[in-house]
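Visitor: Structure provided below as structure tokens; questions to follow.
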Amino acid sequence: MGVFKEFFEELPAEDKASLYSEDPNKSCRLFTSSSTGNYEGEDVHIWRDCLKHPCHPLEECKHVWPQKPIRYGELVGACSTQVRELASNILELIGEGLGVGAGYFRDELSQQMLLSVNYYPPCAEPSLTLGLPKHCDPNLITILLQGDVNGLQVFKDGEWIGVEPLPHALVVNVGYQLQIISNGKLKSAEHRAVTNSSEARISAGFFVMPSNDCLIEPAAALINASNPQLYKGFQYKDFFLNFGTKLGKTERVLDRFKLQARLAS
Ligand SMILES: O=C(O)CCC(=O)C(=O)O
Ligand SMILES: [Fe+2]
């Protein structure tokens, strides 16, 4: 996490300026929450800077990463490799646990990995802002390093519960794709990040996701007479486009992909 702190807090603005972009299609970009284009219309203002770039396969994406701090490539490269291995192991166990086979999520279903580093500066009025609004992650599975400052909350049984940072612990989030492929057996958890007035918070999410053209559908082995198919098949890129238009409306994100609206949640 030290190298991310150095990036956001110590790197001169001119070194960061070349990475700044409001174009979501740019592969490595730094952006800020005030660039949503709807500042006046927002119910709550978002208080976050974010650095995003792909981080797998390393050799194919490292050249777009920030060149400074000087050890960024080395440290983030080593971390990405380890997180990738951890995510693969977890996915193998989930495959076994679901009964679809340990190798089910290999290849296309987990081909991409994106790193999203969030920087939440101290906020003088935390009650008027959020670091990130309520959402579920759009991808397959997320491995989150949340540093040592409180801020992550999960929505459970109608209330927000703080996810306390534990030293050396990682947060593992089930994304919408895992919910769909498991035909609703695994549920993606609604979560958000709140701000605080005393110290900056940094979190780094590694988002394992399918290739853009990958066909996503509930695993055939999980569908039978008592477990009817809840979601239809689609290409991952179509889901992602739809997700972008439904930000903040978690209850609506899956609507287009449900087969039996009454049963699926
Ligand atoms: O900052 C956090 O702890 C949460 C980040 C998050 O949910 C995300 O990047 O999707
Ligand atoms: Fe998230």
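Visitor: Can Glu199 be described as within 12 Å of ligand 1 (Cβ to nearest atom), part of a loop (DSSP other than H, G, I, E, B) and open to solvent by 60 Å² or more (accessible area, probe 1.4 Å)?
Guide: On the way: within 12 Å of ligand 1 (Cβ to nearest atom): no; part of a loop (DSSP other than H, G, I, E, B): yes; open to solvent by 60 Å² or more (accessible area, probe 1.4 Å): yes.
No: the conditions fail for Glu199.
Visitor: Further question on the same structure: Hey, does the range 49-56 have a residue that's open to solvent by 80 Å² or more (accessible area, probe 1.4 Å) and over 20 Å from Ser211 (Cα atoms)? Reasoning before the result, please.
Guide: Taking the range 49-56 and keeping what is open to solvent by 80 Å² or more (accessible area, probe 1.4 Å), we get none.
Scanning the range 49-56, I find no residue that is open to solvent by 80 Å² or more (accessible area, probe 1.4 Å) and over 20 Å from Ser211 (Cα atoms), so the answer is no.
Visitor: Any residue at all in the range 213-235 that's within 16 Å of ligand 2 (Cβ to nearest atom) and crowded, with 19+ Cβ neighbours inside 10 Å?
Guide: Just the residues of the range 213-235 that are within 16 Å of ligand 2 (Cβ to nearest atom), to begin with: none.
No, every residue in the range 213-235 fails to be within 16 Å of ligand 2 (Cβ to nearest atom) and crowded, with 19+ Cβ neighbours inside 10 Å.
Visitor: Could you list, in sequence order, all residues of the range 6-53 that are under 17 Å from the mean Cα position of the chain (by Cα) and of a type in the set (Ser, Thr, Tyr)?
Guide: Ser27, Thr32, Ser33
Visitor: Condition first: under 19 Å from the mean Cα position of the chain (by Cα), small (Gly, Ala, Ser), assigned to a loop (DSSP other than H, G, I, E, B) and away from ligand 2 (no atom under 13 Å from the Cβ). Can you find one or more residues in the range 128-149 that meet it?
Guide: So far as the range 128-149 goes, yes, one or more of its residues are under 19 Å from the mean Cα position of the chain (by Cα), small (Gly, Ala, Ser), assigned to a loop (DSSP other than H, G, I, E, B) and away from ligand 2 (no atom under 13 Å from the Cβ).
The rows are residues; the columns are (1) part of a helix (DSSP H, G or I); (2) more than 15 Å from ligand 2 (Cβ to nearest atom).
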site	(1), (2)
Lys52	no, no
Lys62	yes, yes
Val76	yes, yes
Tyr104	no, yes
Glu108	yes, yes
Pro122	no, yes
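Visitor: So if I check each of Val44, Val76, which one is touching a strand residue (DSSP E or B) at 6+ places or on another chain (Cβ under 8 Å) and at pLDDT 95 or above? Walk me through how you get there before you give the answer.
Guide: On the way: Val44 fails: at pLDDT 95 or above.
One residue alone meets the criteria, Val76.
Visitor: OK, next. Restricting attention to the range 19-29, does a residue exist that is among the aliphatic types (A, V, I, L, M) and not in a loop (DSSP other than H, G, I, E, B)?
Guide: Filtering the range 19-29 down to residues among the aliphatic types (A, V, I, L, M) leaves 19.
Filter once more, so that each one left must be not in a loop (DSSP other than H, G, I, E, B): none.
No: zero hits.
Visitor: Kindly check whether there is at least one residue in the range 151-171 that is in contact with a Phe, Trp or Tyr (Cβ under 9 Å, 6 or more places away or on another chain), buried (at least 21 other Cβ atoms within 10 Å of the Cβ) and not charged (D, E, K, R).
Guide: Within the range 151-171 (the criterion being in contact with a Phe, Trp or Tyr (Cβ under 9 Å, 6 or more places away or on another chain), buried (at least 21 other Cβ atoms within 10 Å of the Cβ) and not charged (D, E, K, R)), the answer is yes, since at least one residue qualifies.
Visitor: Could you list all residues from the range 176-194 that are closer than 25 Å to Leu259 by Cβ, within 12 Å of ligand 1 (Cβ to nearest atom) and either among the acidic types (Asp, Glu) or surrounded by fewer than 22 Cβ atoms within 10 Å (Cβ to Cβ) (or both)?
Guide: Answer for the range 176-194, where residues must be closer than 25 Å to Leu259 by Cβ, within 12 Å of ligand 1 (Cβ to nearest atom) and either among the acidic types (Asp, Glu) or surrounded by fewer than 22 Cβ atoms within 10 Å (Cβ to Cβ) (or both): Ala189, Glu190.
The values are calculated or read from the model by the stated rules, or taken from the named source; none is laboratory data. On a predicted model such as this, the values are computed, not experimentally measured, just so you know. Positions of Cβ are backbone-derived with ideal geometry, glycine not excepted, and every protein chain shown enters the neighbour counts. Ligands, DNA and RNA are stripped out before the accessible areas are found, and what is left, the full protein with its side chains, is counted by its heavy atoms. Shrake-Rupley method; radii C 1.70, N 1.55, O 1.52, S 1.80 Å.
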